[in-house]
1. ILE99 to LEU146: extension gain in nm, 0.36 nm per residue of separation minus the Cα-Cα distance?
2. What is the distance, in nm, between label points placed 7 Å from the Cα along the Cα-to-Cβ direction at GLU87 and at LEU125?
3. Against the longest alpha carbon principal axis of the chain, how many degrees, from 0 to 90 and to the nearest 10, is the axis of helix 121-181 turned?
4. Expressed as an acute angle from 0 to 90° and rounded to the nearest 10, what is the orientation of the C-alpha long axis of helix 25-36 relative to the principal long axis of the chain?
5. Say R0 is 41 Å: what FRET efficiency, to the nearest 0.05, do GLU23 and ARG155 get from their beta-carbon distance?
6. Residues of segment 1-38 with amide nitrogen under 20 Å from the 7 Å Cα-to-Cβ point of ARG75?
7. Using the C-alpha atoms of the chain, what convex hull volume per residue, in cubic angstrom, is computed?
8. Taking other Cβ within 10 Å of each residue's Cβ, how do SER26, SER118, SER96 sort, fewest first?
Amino acid sequence: MDLARQLVADYGYLAVFVGTFLEGESVLLAAAFVAHHGLLSGPLVAAVAACGAWTGHVAFFALGRWRGRAWLFARPRLGRHARRADEIMVRHGWASVFILQYLYGTRVAGAILFGMSSFTLPRFLALQAVNCAVWAAVVTGAGYLLGATLELAARRLTWVTVGLVALALAGALWVAWRRARRPD
């Protein structure tokens, strides 16, 4: 267990950055859960996640400008998400920067599509800075609350388990007592 704690202390923030660079809700939720237990700092996890997500979005935006459709549609899974992201971009304009952040699988495809579009880089950078900060705060908060909830549930579950065992034992003793009193 000490080795795991040391690994989290040494590489936890790097893992959050890399995980959120790529596509990181699960990484961020796990890091926030760990932060709830005091192994990482919650605010620092959120800040690193926002930076990782923003850096990833900028990289995928650049990829969209550089290689665009050829790269995206050579990957069928991303291409499938790209069609959905493109529909959202057309329908919602600049607000789609925020919408695509929260729809599964559209974050990377969306950033590539923004790079392929007429969306300007300064506008994309500014909107993504706000978007990534809000996203990181929301997901970190959710993970932190999840950690607190699971901890509380585990404590209560322990008492529920003790209560159920006590009831079962009392029931067994009552049945034994009734059998002992019954005449043969």
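Only the coordinates and a few stated rules stand behind these numbers; no lab work does. Just so it is clear, the structure is predicted and the values come from calculations on it, not from any experiment. In this analysis, Cβ positions are derived from the backbone assuming ideal geometry, glycine residues included, and neighbour counts consider all displayed protein chains.
1. Extra length available between ILE99 and LEU146 comes to 14.6 nm.
2. According to this spin-label approximation, the distance is 3.4 nm.
3. In the chain, helix 121-181 runs at an angle near 10 degrees to the longest axis.
4. The angle comes out at about 50 degrees.
5. 0.80
6. Residues passing the 20 Å test: 15-28.
7. Output value, Cα hull per residue: 192 Å³.
8. SER118, SER26, SER96
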